[in-house]
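Chemist: Can you keep this structure in mind? I'll have questions shortly.
The values are calculated or read from the model by the stated rules, or taken from the named source; none is laboratory data. These numbers come from a predicted model, not from an experiment. Here Cβ is always computed from backbone atoms with ideal geometry, including for glycine, and neighbour counts include all displayed protein chains. SASA here: full protein model, heavy atoms, side chains in, ligands and nucleic acids out. Shrake-Rupley method; radii C 1.70, N 1.55, O 1.52, S 1.80 Å.
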Amino acid sequence: MSFRKDFLWGGAIAANQAEGAWNVDGRGPAMTDVTTGGSVKEPRYVTYIDKEGNPGKVPSHHPIPEGAHYAVLDDHYYPNHDGIDFYHHYKEDIALLAEMGFKVFRLSISWSRLYPNGDEKTPNPKGVAFYRDVFEECRKYGIEPLVTIWHFDTPLYLEEHYGGWNNRQLIDFYVRFATTCFQEYKGLVKYWLTFNEINGTVMGLDLFGNKGTDEEYQSAYQQLHYQFVASAKAVQIGHQIDPENMIGCMICGITFYPGSSDPDDILANRYQWEKGIFYCGDVQCKGKYPTYATRLWNEHHVQLDITDEDREELKKGTVDMYTFSYYMTSVVTTHESDDMVSGNFAAGVRNPYLQYSDWGWALDPKGLRYYLEMIYDRYELPMMVVENGLGAYDTLEADGSIHDPYRIDYLREHIKEMEVAINDGVDLRGYTTWGCIDLVSAGTGEMRKRYGFIYVDKDDTGKGTYQRLKKDSFNWYKKVIASNGEDLD
Ligand code: BG6
């Protein structure tokens with residue numbers, strides 16, 4: 001048997017994509033609340049009112065015009081406002097996860113539910129109470145909560161009034177928020193992740209044929225630095241508050257392959273690993289910037305605001321475990337190609353040996369083994385795969401059934417590769433599939449890009465009963481968990 005007896009089988013969601021109740025019980029808005037729905041072809045937009053009072057929109061992650069302020073506009077649809085209404089369905093949802101035999105449930109805390117603006121001195125009691133209820137509900141079934149402190153949802157007020165993570169003050173605000181989480185949920189939560197897919201900030205710059213400008217790189221590396229320091233401080237405080245706490249980094253894990261044996265491709269691929277994957281892992285696991293960081297900064301004339309104190313914090317605040325999301329691989333080449341594919345935080349040339357999902361994400365279970373073995377060898381820290389899954393179109397049959405053999409196949413092949421990696425020596429502690437309950441897609445804002453074992457009756461325009469229905473994969477995963485990964489049929 002390869003999986004440890006106490007292997008943590010489960011699934012994952014994020015607050016902004018699932019909770020809904022965006023303005024309920026004192027919650028403040030986050031960027032996702034001014035972000036519209038999109039599709040595989042159409043980007044999501046961020047909406048605003050400009051200084052003359054005119055409404056407008058820009059593709060998400062682009063700056064809004066000078067003097068404009070973010071706004072919810074009447075004639076737009078914002079899918080995250082209601083999510084899948086986990087806020088009001090959490091008891092039913094957790095009961096379903098327990099029925100599948102979940103050992104762990106990964107979810108995140110909405111920062112602006114605890115601190116509506118982000119810079120308050122004390123938290124919103126209703127927000128604090130909500131998560132306590134959720135964690136107690138998990139515990140009732142013996143489910144271990146795995147909590148992401150930040151999952152893409154800095155309070156909008158901090159974005160507008162402080163410039164978001166470009167501002168050093170965000171470190172203190174985040175640390176206050178994280179400290180509240182550790183204090184309030186001591187004894188209920190033991191597993192924590194400081195920042196979801198922290199490397200996305202830099203990886204997202206060279207996507208879709210764009211090349212990040214020096215200015216964008218300056219800002220991205222600076223934001224990352226403040227997040228590294230915030231994470232390192234949180235790790236230390238988390239350990240002081242409860243030495244039992246196990247706190248991890250969370251990296252968007254993409255396995256990169258060179259497009260050819262051309263030495264330029266081999267080198268480009270290696271540099272892509274360094275910039276995209278190792279840079280964040282090295283700082284958070286080893287507590288210092290790697291040698292190649294200087295090359296990365298010089299490439300874009302980046303001058304970082306780093307103090308000696310920061311370096312001390314990084315050293316003292318290394319993580320206890322390495323966790324990552326894994327969906328796909330990507331091919332790096334220096335040669336021209338007119339067959340480019342992009343998905344998640346990577347864009348590259350099409351890999352002729354692989355199949356692609358309907359959203360263009362390469363299906364590559366072996367890439368997961370590659371990633372696990374390479375990373376374990378680098379850090380020798382316990383690992384968890386905290387996101388993995390297939391975003392697919394599901395069909396709801398007239399009798400309420402949903403047949404999703406494609407999802408079962410995807411997960412089965414990935415679990416097999418995890419098993420190989422474990423047998424090869426990787427200390428893998430847990431697996432939480434992404435979107436165990438259908439939720440709003442982060443990339444496209446769609447509902448029809450579904451990942452779950454549990455179907456949620458809601459469409460891309462927000463219509464539906466929000467009823468929960470079991471897909472075929474529900475019973476399959478239940479069997480997988482009951483057999484501790486032995487029965488994958
Ligand atoms: C990861 C994120 O990048 O991928 C999740 O941590 C996200 O928030 C997931 O939902 C899948 O991406 P998408 O765009 O299909 O929702």
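Chemist: Could you run through the range 5-21 and say how many residues are part of a loop (DSSP other than H, G, I, E, B) and either within 16 Å of the ligand (Cβ to nearest atom) or within 25 Å of LEU390 (Cα to Cα) (or both)?
Modeler: Summing the residues that are part of a loop (DSSP other than H, G, I, E, B) and either within 16 Å of the ligand (Cβ to nearest atom) or within 25 Å of LEU390 (Cα to Cα) (or both) in the range 5-21 gives 5.
Chemist: Quick one: ASP75 ticks every box in (1) on the phi > 0 side of the Ramachandran plot; (2) away from the ligand (no atom under 14 Å from the Cβ) bar one, so which box is it?
Modeler: Here ASP75 meets the rest and fails (1).
Chemist: Quick check on the range 72-83. Is at least one of its residues touching a residue at least 60 places away in the same chain (Cβ under 8 Å), assigned to a helix (DSSP H, G or I), open to solvent by 10 Å² or more (accessible area, probe 1.4 Å) and over 20 Å from LEU193 (Cα atoms)?
Modeler: Checked against the condition, which is being touching a residue at least 60 places away in the same chain (Cβ under 8 Å), assigned to a helix (DSSP H, G or I), open to solvent by 10 Å² or more (accessible area, probe 1.4 Å) and over 20 Å from LEU193 (Cα atoms), the range 72-83 yields at least one hit.
Chemist: Let me ask you something else. Pairs only if they're at least six apart or on different chains, beta carbon under 7 angstrom, first in the range 443-463 and in a loop (DSSP other than H, G, I, E, B), second aromatic (Phe, Trp, Tyr) and within 12 Å of the ligand (Cβ to nearest atom); list them, first residue then second.
Modeler: LYS449/TRP359; TYR451/TRP434
Chemist: Same structure, new question: Given the conditions (1) within 21 Å of LEU193 (Cα to Cα); (2) open to solvent by less than 20 Å² (accessible area, probe 1.4 Å); (3) not aliphatic (A, V, I, L, M), and given that GLY142 satisfies all but one, which numbered condition is not satisfied?
Modeler: (2)
Chemist: Oh, and also: With the condition being closer than 30 Å to PHE102 by Cβ, under 19 Å from the mean Cα position of the chain (by Cα) and away from the ligand (no atom under 16 Å from the Cβ), I'd like the helices (runs of 4 or more DSSP H) fully within the range 144-205 carrying at least 1 qualifying residues.
Modeler: Result: 169-184.
Chemist: Also, I was wondering about something else. Only one residue in TYR406, TYR370, TYR393, TYR353 is of a type outside the set (D, E, K, R), open to solvent by 60 Å² or more (accessible area, probe 1.4 Å) and touching a Lys or Arg at 6+ places or on another chain (Cβ under 7 Å), so which one is that?
Modeler: So the residue among TYR406, TYR370, TYR393, TYR353 that is of a type outside the set (D, E, K, R), open to solvent by 60 Å² or more (accessible area, probe 1.4 Å) and touching a Lys or Arg at 6+ places or on another chain (Cβ under 7 Å) is TYR393.
Chemist: Still on this structure, please answer the following. Within the range 307-325, does at least one residue satisfy the condition of being assigned to a strand (DSSP E or B) and more than 21 Å from VAL202 (Cα to Cα)?
Modeler: yes
Chemist: Go through the range 237-254 and give me each residue that's crowded, with 22+ Cβ neighbours inside 10 Å and either within 17 Å of VAL202 (Cβ to Cβ) or not small (Gly, Ala, Ser) (or both).
Modeler: ILE247, CYS249, MET250, ILE251, CYS252, GLY253, ILE254
Chemist: Which of the residues spanning the range 246-279 are in contact with an Asp or Glu (Cβ under 8 Å, 6 or more places away or on another chain) and more than 16 Å from the ligand (Cβ to nearest atom)?
Modeler: MET246, ILE247, PRO258, GLY259
Chemist: Across the range 206-254, what is the total count of residues that are more than 17 Å from the chain's Cα centre (by Cα) and not in a helix (DSSP H, G or I)?
Modeler: 12
Chemist: In the range 439-456, what residues are within 11 Å of the ligand (Cβ to nearest atom), of a type outside the set (A, V, I, L, M) and crowded, with 23+ Cβ neighbours inside 10 Å?
Modeler: Those that are within 11 Å of the ligand (Cβ to nearest atom), of a type outside the set (A, V, I, L, M) and crowded, with 23+ Cβ neighbours inside 10 Å: SER441, GLY445, LYS449, ARG450, TYR451.
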